[in-house]
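Participant: Got a structure here, written out as structure tokens. Questions coming.
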Amino acid sequence: MELVEWQAKHLLHDYDLRLYGIDETEKNRWRVETDNGIFLLEKTDEHPTQLYFVASWLHYLYSQGIKSVVPFCVTKYGEPYIATRYGMYVLQPWIEETEAIWRVPEWETRVLREVGRIHQVSIRAQVRWQGYAPVSLEQIRQRWESSIAQIVLIAEMAGQHHGTEVFGKMVKKNVEQFLHFAQYAVRELTDATARLERRPLMRVLCHGRIHRRNMIIGAGGAFYITRFERANLDTPVRDLAIFFRRYAPRCGWSIRRGRKWLAAYEEENPLTEEERLLLSCYLLFPERLAHVARTYWNTAGEDRGQSVQQWMQTWQKHLQLLSEMHQFALAIKQK
Amino acid sequence: MNLQEERLRNHLDGYPFTIREVRHEENGWYALTDRGKKRIIYCQDENLIRWSHSWREYLVNQGFRHVERYLVNGQGEHWISDLAGSYALSDYWEQDYDWSKRNELQMKGYQTFGELLAHIHLCFDNVEEVYRGRYRKKGTLNETRLKSSYRYLHAIIKEIESRQSDNWLLYNLSRVAERVRKAEALYEASGGENDRTPLSFAHMPLSSLVYWEPCWYITGLHNPVLVPRHEDTVTLLEQIYEISDTEGVNQFLSAYASVRRIPVPEKNYLLALLCYPLPVLSGLEGLPQLSEERERIIAGFHLQGQREKILRCVTEMRVLYEEDSG
């Protein structure tokens, strides 16, 4: 929903701010100029409990010296967000991006080191606010099984329809290769689940979307991690897996690079043996292939034409890296 | 700096802004800060501030954010208390006397007020502990007042009969006595004497609703006198009727009904309030000679006539009630 000026005016009134100008930077996000500086106003669909969780953690992290997070502004009535009939809104100081993060040399190690700091500081918090629940190993296994079934179905349907769907044809051609690695991952996860049954995993504040578009290099080279709205308390492996799955393929799942990144993370938050095992399991599953298949499956037939080439490229790229991914995951188990 | 100002400044130091000046104006105390002018609310009774705070935050939780609320200080407190009383700060709006004069805003204003008053009443529907502090009063109607109304009317009627003049007044006073009887019956049916009726404002001015484009804000209503519920409803209906006749009254009532249904005892109390010829009796009070101030007496009858029209609207608005009690 488009935020008109009058809505912004009334929202900002709750922060004792007067609106001078407003610019929509992307959907549901506005850069607002006020009498007291520039801010980011965001409309969110998150539940109030989750927003309170995020707000509390950001405030805590910041107070503990983590200056890479941007706490929510608090209204003059003490609220970290504004609930209106039209939705939930949060306000944060605006961070002007001075440089794209991917241009910063060794940006990956810098990010992982900072993520390690956040995880470590969150372990020490006395209060554990309640937000989204951690994802259980059983839920992960079920999701993997569901992805496998979906890809098998795509392959079967391609066989039946005699190839009007080119993506389906391509999946059918490589489905055995996918299944080999995917089923191996499921077996490893099942074993790990049994081994970890009586050993509760450490919970830290996980961002959940460690992606370079959620990172900003600001003035003076200061580094910020943004968009914590989907954060939860979970094993630190969750954030690491998300990061490796996205950025390790770009360097061909280089084991040397991966070890360097992990070492940077462990400077701040060393992993236990169990956590390494779990990270290895997570990375064994060809998640990027499952993701593109899910996207294909969830897109209505008539809308597929525009994206099919991109899906095919993504599929091919990650399929070719399956062995390297597998080797990487096995290597990461050892320190 | 006088003692009061010094005490206020000490309390205000806990707020997250710079206090430039504390001063007393015609309408109360204000703090000039680097974040604008704030109203200072002082109340001797902390429970009343708590009562006031609760309905304001309730409105916010229902999605109506545009209400004058108490700011938080650095410790997250909405007010500060000491031996002298409690202090709070608010961002306020000046009372708005303009919107009710603008045709294009009147109906929307009445609708908004109807919904808001219903929400405020809803806020206290499930509150077990009723406020019992110094700001609580008995209200317009009670057994004592009703009985004394009879005695007073009886005395006036006797006097008129003895003078054998003002027959027009004699006739109308017999109708007034009927209304008192009717109000008494309704009051008894309401159970108003049981002292457990939820409280609300003794008076609510239309100007408490402020129009700041294009949103409606509730301002003021601090340190109110609290009485059994619906005297606020009556005062609002009277003000609305003055401006917009029954059309405005119905708009308000429909909006109220869209949020809250009135239980039977409350309905009886509301009807009792409207039935009770307060304007007439007030007009007659304290007059040494009835022949004097004839205009004042006529004005009282005129006002009661307006009340009767409001009463009719309220009676006919079936959707307002939990049960159709006829």
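The values are calculated or read from the model by the stated rules, or taken from the named source; none is laboratory data. Note that the coordinates shown come from a computational prediction; the quantities given were computed from them, not determined experimentally. Glycine gets a Cβ as well: all are built from the backbone with ideal geometry, and neighbour counts include every protein chain shown. Just the protein is used for accessible areas: all its heavy atoms, side chains included, with ligands, DNA and RNA removed. Shrake-Rupley method; radii C 1.70, N 1.55, O 1.52, S 1.80 Å.
Participant: Roughly what would the spin-label model give for B:Arg312 and A:Arg230, points 7 Å off Cα along C-beta, in nm?
Facilitator: 6.3 nm
Participant: With the dipole of the stretch A:257-317 worked out from charges on the C-beta (+1 for Lys and Arg, -1 for Asp and Glu) around the Cα centre, which of A:Gln313, A:Leu277, A:Ala263 lies farthest toward the positive end?
Facilitator: A:Gln313
Participant: Rounded to the nearest 0.05, what FRET efficiency do B:Thr246 and B:Leu122 give with R0 = 35 Å and r taken as the Cβ-Cβ distance? Could you check?
Facilitator: 0.85
Participant: Does any residue of the stretch B:24-67 lose at least 50 Å² of accessible area with all protein chains in place compared with its chain alone, and if so which ones (probe 1.4 Å)?
Facilitator: B:Arg35, B:Arg65
Participant: Run the numbers on chain A and let me know its relative contact order in percent, using alpha-carbon pairs under 8 Å that are six or more apart.
Facilitator: Reported relative contact order: 18 percent.
Participant: Follow-up question, since we're still on this one. With an 8 Å cut-off on Cα pairs and a minimum separation of 6 or more residues, tell me the relative contact order of chain B in percent.
Facilitator: This gives 18 percent for chain B.
Participant: Something else: What figure, in Å² to the nearest 10, do you get for the accessible area of A:Lys76 with a 1.4 Å probe and non-protein molecules left out?
Facilitator: Taking all protein chains as shown, A:Lys76 has close to 20 Å².
Participant: Nothing charged except the Cβ atoms of Lys and Arg (+1) and of Asp and Glu (-1): what's the magnitude of the dipole of the stretch A:193-335 about its Cα centre? Round to the nearest 20 debye.
Facilitator: Dipole magnitude for the stretch A:193-335 comes out near 240 debye.
Participant: Also: With every protein chain left in place, what is the accessible area per residue of chain B in square angstrom, probe 1.4 Å?
Facilitator: Working: 15530 Å² over 326 residues.
The answer is 48 Å² per residue.
Participant: What fraction of the DSSP beta bridges in chain A is antiparallel, stated in percent and rounded to the nearest 5?
Facilitator: 95 percent
Participant: At what distance in nm do the modelled label points of B:Lys137 and B:Tyr58 sit from each other, each positioned 7 Å from its Cα along Cα→Cβ?
Facilitator: Using points 7 Å along Cα→Cβ, the separation is 2.2 nm.
Participant: Among B:Ser244, B:Asn172, B:Leu116, whose Cα projects farthest towards the positive end of the dipole of chain B, with charges put on the beta-carbon of Lys, Arg (+1) and Asp, Glu (-1)?
Facilitator: Selected residue: B:Asn172.
Participant: Output the relative contact order of the stretch A:1-93, whole-number percent, from Cα pairs under 8 angstrom with separation of 6+ residues.
Facilitator: Relative contact order for the stretch A:1-93 comes out at 25 percent.
Participant: Among A:Ala8, A:Tyr81, A:Ile38, flag the residue with its Cα farthest along the positive direction of the charge dipole of the stretch A:1-93, charges on Cβ as +1 for Lys/Arg and -1 for Asp/Glu.
Facilitator: Of the options given, the answer is A:Tyr81.
Participant: Expressed as a whole percentage, what fraction of the accessible surface of chain A belongs to carbon and sulfur atoms when a 1.4 Å probe is rolled over the protein heavy atoms?
Facilitator: 48 percent
Participant: With +1 on each Lys and Arg Cβ and -1 on each Asp and Glu Cβ, how big is the dipole of chain A about its Cα centre, in debye rounded to the nearest 20?
Facilitator: Around 1000 debye, computed over chain A.
Participant: Right, something else. So how much accessible area does B:Tyr30 have, in Å² to the nearest 10, using a 1.4 Å probe?
Facilitator: We get 10 Å² for B:Tyr30.
Participant: Another question about this same structure. Over the whole of A:48-61, what's the average partner chain Cβ count within 10 Å per residue? Rounded to a whole number, please.
Facilitator: 0
Participant: Let me ask another. Only four residue types carry charge here, +1 at the Cβ of Lys and Arg and -1 at the Cβ of Asp and Glu. Report the dipole size of the stretch A:261-335 about the Cα centre in Debye, rounded to the nearest 20.
Facilitator: Using Cβ point charges on Lys, Arg, Asp and Glu, the stretch A:261-335 gives about 360 debye.
Participant: Per residue of A:64-77, how many C-beta atoms from partner chains lie within 10 Å of its own C-beta, taken as a mean? Spell out each step's value before the answer.
Facilitator: Numbers: counts 0, 0, 0, 0, 0, 0, 0, 0, 0, 0, 3, 4, 12, 11.
Mean partner-chain Cβ count within 10 Å for A:64-77: 2.
Participant: Something else about it: Using every pair of alpha-carbon atoms in chain B, split the distances into 10 Å bins beginning at 0 and state the percent of pairs per bin, rounded to integers.
Facilitator: 5, 23, 28, 23, 14, 5, 1, 0
Participant: Need the list of aspartates and glutamates near B:Lys137 for cross-linking: C-alpha distance under 20 angstrom, and skip anything on the same chain fewer than eight residues off.
Facilitator: Hits, sequence-local ones excluded: B:Asp45, B:Glu46, B:Asp125, B:Glu128, B:Glu129, B:Glu184, B:Glu188, B:Glu193, B:Asp195, B:Glu231, B:Asp232, B:Glu266.
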